[in-house]
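Accompanying notes for the structure given below.
The values are calculated or read from the model by the stated rules, or taken from the named source; none is laboratory data. These figures come from a predicted structure and were not determined experimentally. Backbone-built Cβ (ideal geometry, glycine too); neighbour counts: all protein chains shown.
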Amino acid sequence: MSKPTTEKLPVEFLFSPEFSRDPYTQYGALRERGPVHAVEFIPGTDIPAFLVIDYEHGRAALNDPRLAKGSRHAPAFFHREEVSTNPALAENMLNTDPPDHTRLRKLVTKAFTPRRTESLRPRIQEITDGLIDAMEPRGRAELIDDFAFPLPVTVICELLGVPAEDRDDFRHWSAVLLAPAFTPEEIRLRDEVNAAIHAYFGEITAARRADPRDDLVSALVTAHDEDDLLSDQELVAAFTLLLIAGHETTVNLIGNGMLALLTHPGQLRLLQDGPELIPAAIEEFLRYDGPVERATLRFATEDMEIAGVAVPKGSVVQISLGAAGRDPALVEAPDTLDITRADVRHIAFGHGIHFCLGAPLARLEGTIAFGTLLRRLPGIALDCPVEEIGWRAGSIIRGVQALPVRF
Ligand code: HEM
């Protein structure tokens, strides 16, 4: 029999500054009551929604064909015209199910090959060294703006083949598209950004069609033109997804990971003395405090149960990848940062058909970033009391607002 779920977790709480400051204590308290919790998804609506906070059910949910990504399975609320019109994001692989997902992922995978990622290694090192060269003489830096943000953004711009100088626009677009858009003002802003993205990529697409280069935009334009397998809308959506993924995630792998090290001096020393531990440390950072912490969404396409909780058809299922990483059933002492753990497991890159396509790039960027920061700035330390570090609230992304350091 399904357990009744009477008490709903208010969404304001889940996305509040209080929750963002220390989500893991909150998850710990929730865990006492079970792995699946009813949540209020949009205040004032009765959309059934559930939050999954354990590793076993979270991982299974990510790969459950009954839980879909496509908006046609979403509750009616999402189909109201003003809410659903988000073309720059609507038709990307992360928002589609097979067979569309299979087709879109195959096309992007063909262009975004391991060889292309690996070929970026010397350039990533060069960008990393350039950013540290600029910070070093000052003896102080704000590690997010001076390093963790410009590194992955420059890399994704170069990979796509768009000018890195346009990154202020991209940062703005990315922030707007990931924020909720329900009020008339939010919807107006989102529509403006959609129009700007279409105009921007329309121009770039035309330029690469006339004069192809060795970049992802050219490769996808060729796939679009030659195979007729990608609509104009899907082409723009693929660029937008890659641009946003390159903006919002690796920055927080570097930011959250550095904060974890700077607040655990023993672990910092271990890594400085043993840089060969860096790949394992990156997996531990992803488990301990990963960038996509709060939730990734699915829609139930039929009545089902998760961990004995009834989940009716049309429900929103939010899987907390961050809570799963702190599940005591996953690792011993889950709240302890331990970069020497053998075979760290996590679902910080997702699981199943939507497993992160950029994981090899994120790992490569992380390896170079941590390795170079620790080697070149051996005296690096936090330059403010840890209590003053502010976290971004109201977002599925977990990241600090700023990370002042001295060295
Ligand atoms: C998908 C996390 C970096 C591109 C995902 C998903 C997660 C994730 C959790 C799956 C979401 C779901 O199943 O609902 C991360 C993290 C990163 C990172 C933690 C950095 C540490 C990147 C980068 C790129 C990228 C650098 C590209 C340049 C993608 C794409 C998908 C995806 C295209 C969609 C895959 C699909 O739907 O088949 N990522 N990501 N990610 N990620 Fe990443």
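Filtering the range 203-225 to residues that are of a type in the set (Gly, Ala, Ser) and exposed (fewer than 13 other Cβ atoms within 10 Å of the Cβ) leaves ALA206, ALA210. One residue stands out among those in the range 133-158 that are crowded, with 19+ Cβ neighbours inside 10 Å and touching a Phe, Trp or Tyr at 6+ places or on another chain (Cβ under 8 Å): the one that is farthest from LEU403 (Cα to Cα), which is CYS157. Where residues in the range 291-306 are in a loop (DSSP other than H, G, I, E, B) and acidic (Asp, Glu), which of them is farthest from the ligand (Cβ to nearest atom)? Here the answer is ASP303. Would you confirm whether or not the range 272-290 contains a residue that is acidic (Asp, Glu), within 19 Å of the chain's Cα centre (by Cα) and within 9 Å of the ligand (Cβ to nearest atom)? No.
Comparison of ARG103, ARG123 shows that the only residue that is over 21 Å from the mean Cα position of the chain (by Cα), within 13 Å of the ligand (Cβ to nearest atom) and in a helix (DSSP H, G or I) is ARG103. Can you work out which of the residues in the range 343-388 that are of a type in the set (D, E, K, R) and in contact (Cβ under 8 Å) with a residue 24 or more places away in the chain is farthest from the ligand (Cβ to nearest atom)? The extreme case among them is ASP383. What number of residues within the range 130-177 are over 18 Å from GLY379 (Cβ atoms), in a helix (DSSP H, G or I) and not β-branched (Val, Ile, Thr)? The qualifying residues number 23.
A quick yes/no check of all residues on (1) at pLDDT 95 or above; (2) surrounded by fewer than 18 Cβ atoms within 10 Å (Cβ to Cβ); (3) farther than 21 Å from ARG298 by Cβ:
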| position | (1), (2), (3) |
| --- | --- |
| GLY314 | no, yes, no |
| THR336 | yes, yes, yes |
| ALA362 | yes, no, yes |
| ILE368 | yes, no, yes |
| LEU373 | yes, no, yes |
| PRO385 | yes, yes, yes |
| ALA393 | no, yes, yes |
| VAL405 | yes, no, yes |
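Residue pairs whose Cβ atoms lie under 6 Å apart, separated by 6 or more positions or on different chains, with the first residue in the range 66-77 and in a loop (DSSP other than H, G, I, E, B) and the second within 15 Å of the ligand (Cβ to nearest atom), are LYS69/ASN95; LYS69/ASP97; GLY70/THR96; GLY70/ASP97; ALA74/PHE299. Scan the range 324-355 for residues that are of a type in the set (Lys, Arg) and touching a Leu at 6+ places or on another chain (Cβ under 8 Å) and the total you get is 1. From the list ILE144, ILE156, the one residue that fits, being modelled with pLDDT of 90 or more, more than 13 Å from the ligand (Cβ to nearest atom) and farther than 30 Å from ILE42 by Cα, is ILE144.
Elements of the type helices (runs of 4 or more DSSP H) sitting completely within the range 185-280 and holding at least 1 residues that are closer than 17 Å to VAL153 by Cβ and of a type in the set (D, E, K, R): these cover 232-248. Determine whether LEU259 is crowded, with 21+ Cβ neighbours inside 10 Å, under 21 Å from ASN95 (Cα atoms) and either within 11 Å of the ligand (Cβ to nearest atom) or not acidic (Asp, Glu) (or both). No.
Among the residues of the range 31-64, the one identified as surrounded by fewer than 18 Cβ atoms within 10 Å (Cβ to Cβ), within 16 Å of LEU321 (Cα to Cα) and hydrophobic (A, V, I, L, M, F, W, C) is ALA60.
Yes or no, residue by residue, for (1) within 16 Å of the ligand (Cβ to nearest atom); (2) more than 22 Å from the chain's Cα centre (by Cα):
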site: GLU118; (1), (2): yes, no
site: THR128; (1), (2): yes, no
site: ILE132; (1), (2): no, yes
site: GLU165; (1), (2): no, yes
site: LEU178; (1), (2): yes, no
site: ALA181; (1), (2): no, no
site: GLU186; (1), (2): no, no
site: ASN194; (1), (2): no, no
site: ALA199; (1), (2): no, yes
